[in-house]
1. Extending each Cα 7 Å along its Cβ direction at W78 and V21, get the distance between those two points in nm, one decimal.
2. Per 0.36 nm of contour for each residue apart, how much would the distance between I37 and K64 grow if the chain were fully extended, relative to their Cα-Cα spacing?
3. Any lysines with Cα under 17 Å of the K50 Cα? List them, leaving off those in the same chain fewer than 8 positions away.
4. Of (1) 5.2; (2) 9.4; (3) 7.3, which one was derived for mean projected area of the Cα convex hull in nm² from the structure shown?
5. For K64, list the lysines whose Cα falls under 25 Å from its own Cα; do not include residues on the same chain fewer than 8 positions away.
6. Students often check this: by mean Cβ neighbours within 10 Å, which of 41-48, 83-90, 12-19 ranks highest, and how do the rest follow?
7. I'd like the orientation of helix 36-47 relative to the chain: the angle between its Cα long axis and the longest Cα principal axis, in ° from 0 to 90, rounded to 10.
8. Between S86, Q24, V49, whose Cα lies farthest towards the positive end of the dipole of the chain when Lys and Arg beta carbons carry +1 and Asp and Glu beta carbons carry -1, centred on the Cα centre?
Amino acid sequence: MRSAFDIVIAPVVTEKANAQVAEQKYVFKVAVDAEKIEIGRAIEELFKVKVKSVNIMNYAGKAKRAGRTPKMGRRADWKKAVVTLSEGSIEII
């Protein structure tokens, strides 16, 4: 069993994510292999709130050039979770 700190990596602090706070929705960067149920339980454990639903999105890492060489590398793939709360609130900042 993984800890909640292994599942939830960081909050996503963007203008769009901050606008969703009024609707009780919070956005987090999560582990790529995490599932919805794991994410919900981790948020409940970390922030002592009640989770209503979890929506996840997978993002492919961008191809990036390294220096002046034409060699291409890739950034890591990542996953974003939008967590809707039924009660309580989370203080991100």
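1. That separation, rounded to one decimal, is 1.9 nm.
2. On the way: separation 27, 0.36 × 27 = 9.72 nm, distance 3.32 nm.
That works out to 6.4 nm of additional length.
3. K25, K36
4. So the calculated entry is the one marked (3).
5. Filter leaves K29, K79, K80.
6. Numbers: 41-48: 17.1, 83-90: 14.9, 12-19: 11.5.
Going from most to least packed, we get 41-48, 83-90, 12-19.
7. 70
8. Selected residue: Q24.
Values in this text are rule-based calculations from the coordinates and carry no lab data. Keep in mind that this is a model prediction, so the values were computed, not measured. Cβ atoms come from the backbone with ideal geometry, glycine included; neighbour counts cover every protein chain shown.
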